[in-house]
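The values are calculated or read from the model by the stated rules, or taken from the named source; none is laboratory data. The structure displayed is predicted, hence computed values, not measured ones. Glycine also receives a Cβ, built like all others from the backbone with ideal geometry; neighbour counts cover every protein chain displayed. Side chains are part of the model used for accessible areas, which takes the heavy atoms of the whole protein and leaves out ligands, DNA and RNA. Shrake-Rupley method; radii C 1.70, N 1.55, O 1.52, S 1.80 Å.
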Amino acid sequence: MGFVSSLLWAFWYILPAYVANASPVLVGGGRPIDGGRHWRDGRRVFGDGKTWRGLIGGASAGTLTGLIQYFITPGFYGALKTALMLAFLLSFGALLGDLVGSFFKRRANLPRGAPAIGLDQLGFLIAALALAYPVKTLDSGQIIFLLVVSPFVHWGANYFAYRMGWKSVPW
């Protein structure tokens, strides 16, 4: 596989995580995952921005993305069961990474929607790659590529969502 082709496959591989991470902006809202509870420091565990509807909707959107990818490029994933498992793990991992980031942002007393450079752009990616690792992984060059390009994809997606009126802040 050529260099450029390898990078494009890395982007294809991580697409369910990207979709899952972006989807809660559109499908979220409702009951917060933390149920309004506070951590021992007196601050909310995650905050109102992390909801069950966003978690379930994001995981579903990312998994559906993986299913569509399977039918477009079945040889990339092998069996349908493998494709679904990989897409779910990438999607859920992205959302789990975002939750962990939110937890640490609350501990740092950052308000909802406040930027945390690095954490916001890479936490979801690292958690997605970690959860999906047992099913199918990328080589180190592809992972480095995703670590470099993901902040730009994240910023671009957030700016687009802001311009569309889906987010109140462009980050």
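In the set (1) of a type in the set (A, V, I, L, M, F, W, C); (2) more than 25 Å from ILE33 (Cβ to Cβ); (3) part of a helix (DSSP H, G or I), the condition left unmet by ALA94 is number (2). Kindly indicate the residue of region 22-43 that is open to solvent by 30 Å² or more (accessible area, probe 1.4 Å) and within 16 Å of the chain's Cα centre (by Cα) and also nearest to GLN69 (Cα to Cα) among those meeting that condition. Among those residues, the one meeting the criterion is ALA22.
Only one entry of VAL100, VAL148 meets the criterion of being free of Cβ contacts under 8 Å to residues at least 40 places away in the same chain, open to solvent by 60 Å² or more (accessible area, probe 1.4 Å), assigned to a helix (DSSP H, G or I) and within 24 Å of ASP41 (Cβ to Cβ), and that entry is VAL100.
Looking at region 44-52, can you tell me whether even one residue there is open to solvent by 60 Å² or more (accessible area, probe 1.4 Å), at pLDDT 95 or above and basic (Lys, Arg)? No: region 44-52 contains no residue that is open to solvent by 60 Å² or more (accessible area, probe 1.4 Å), at pLDDT 95 or above and basic (Lys, Arg). Picking from residues in region 103-128 that are under 13 Å from TYR18 (Cα atoms) and in contact (Cβ under 8 Å) with a residue 60 or more places away in the chain, the one that is nearest to the chain's Cα centre (by Cα) is PHE124.
Every residue, every condition in (1) part of a loop (DSSP other than H, G, I, E, B); (2) touching a residue at least 40 places away in the same chain (Cβ under 8 Å); (3) not charged (D, E, K, R), yes or no:
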{"position": "ALA10", "(1), (2), (3)": "no, yes, yes"}
{"position": "TYR13", "(1), (2), (3)": "no, yes, yes"}
{"position": "ALA17", "(1), (2), (3)": "no, yes, yes"}
{"position": "ALA20", "(1), (2), (3)": "no, yes, yes"}
{"position": "GLY35", "(1), (2), (3)": "yes, no, yes"}
{"position": "ARG53", "(1), (2), (3)": "no, no, no"}
{"position": "ILE56", "(1), (2), (3)": "no, no, yes"}
{"position": "SER60", "(1), (2), (3)": "no, no, yes"}
{"position": "THR65", "(1), (2), (3)": "no, yes, yes"}
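Going through (1) part of a loop (DSSP other than H, G, I, E, B); (2) open to solvent by less than 50 Å² (accessible area, probe 1.4 Å) one by one, PRO134 falls short only on (2).
Filtering VAL27, VAL19 for residues that are modelled with pLDDT under 95, within 20 Å of TRP166 (Cβ to Cβ) and among the aliphatic types (A, V, I, L, M) leaves a single hit, VAL27. Only one entry in GLY113, GLY93 is at pLDDT below 95 and small (Gly, Ala, Ser), namely GLY113. Counting only residues that are on the phi > 0 side of the Ramachandran plot and out of contact with any Phe, Trp or Tyr (no Cβ under 7 Å at 6 or more places or on another chain), region 17-60 holds 5 of them.
Consider LEU95 carefully, then state whether it is touching a residue at least 60 places away in the same chain (Cβ under 8 Å), buried (at least 19 other Cβ atoms within 10 Å of the Cβ) and within 10 Å of the chain's Cα centre (by Cα).
So LEU95 fits the description; yes.
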